[in-house]
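None of the figures in this text is laboratory data; all of them are computed from the coordinates on show. Here the structure is a predicted model, which means the values were calculated and not measured. Cβ sites come from the backbone with ideal geometry, for glycine too, and all protein chains shown count toward neighbours.
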Amino acid sequence: MPPNKRAKKQPVTQQYIKKFKGSDHQKLISKFHQLNKKKSDLENELKVVKNQKSDRIRVKKEIDTIQSELDGMGGLIIYQKASQIGEKRFNSSKWLMQELTNNIKKLNQIKDTKCNLLDVGALGENYVKYKNLVNVRAIDLHSTCSFVETCDFFDLPYPPKKNDQLYEIIALSLVVNFVGDPVKRGEMIYRTFDMIKDPIEVKNQDETTQLIGGYMYLVLPLPCVKNSRYMTNDHLIDILQQTGYNILKTHYSTKLAFYLCQKNLNINREKLTKKFPKQIIEDGPGKNNFTIVL
């Protein structure tokens, strides 16, 4: 009788992710966001009470408790796995490339080189199939595949000092909502403007002109703009326009909201004084607390 094969022990994260099937992945993501947001709030509080020993000890203990719960969930790896389950149902790169393929081809022909695309919060090789059109730099805080570089967006050179630090396209797909601090969410969107090359004017066959290039692509879970007490679709569009973008096209699936934006060359961002604090816009039962502060 052949010896019994010892069953391979699965990693804790793999054991945990198996518990989440179908729609349960959204519950996991929501739980992760809640804990991450609470941790971010406590870290901000820690900065305020840095000279008050008793309060500092209390806040640190609360942060440790939340971190333990996150670790028990498998941390960021579990979040990414759950997000991948959701992204498989609608690959956001597909919609973007459907919208931009013709313009990208024009840009490549004019520049005699492929466009550079920065995919922030990348979960996999979403843009690999388009490598004949774009040079992709895919980054994430904790990469789960060789194609994605482990890198924090906020560690990228800012403001960029070299041309090779600029991109024709920056994609923020399901990453802004992952940032726990609403101020950092606003900063992430604001920074992209200076990291994207200016669009250029081209003449079409019918003698009309158009601007191509200078694209920022934002994808958020639909509840962020449809079921938040602090954020609406109109409010988000206002933020994007004040950040320096024209909204070229929007699209809404049953789960996600898509915004294709282009740099507005007629705007002086230094003269933009409108502020976007955290304030209730549409309150009601069952509303979430997602917001972006700018």
> Taking the Cα centre of the range 90-271 as the origin, how large is its charge dipole in debye, to the nearest 20, when only Lys and Arg (+1) and Asp and Glu (-1) carry charge on their Cβ atoms?
Replying inline: 220
> By per-residue mean of other Cβ atoms within 10 Å, what is the highest-first order of 58-66, 155-163?
Replying inline: 58-66, 155-163
> Looking at the range 90-271, what % of its DSSP beta bridges pair antiparallel, to the nearest 5?
Replying inline: 50
> How big is the Kirkwood radius of the range 215-294, worked out from every pair of different alpha carbons and given in Å to one decimal?
Replying inline: 13.3
> Packing-wise, with mean Cβ within 10 Å as the measure, how do 183-194, 135-146, 211-222 rank, highest first?
Replying inline: 211-222, 183-194, 135-146
> Under the Karplus relation 6.51 cos²θ - 1.76 cosθ + 1.60, θ = phi - 60°, what is the ordered set of whole-Hz ³J(HN,Hα) values for the range 34-41, x standing for Gly and Pro?
Replying inline: 4, 5, 5, 5, 4, 5, 4, 4
> What does the convex hull of the alpha-carbon atoms of the range 90-271 project to on average, in nm²?
Replying inline: 11.2
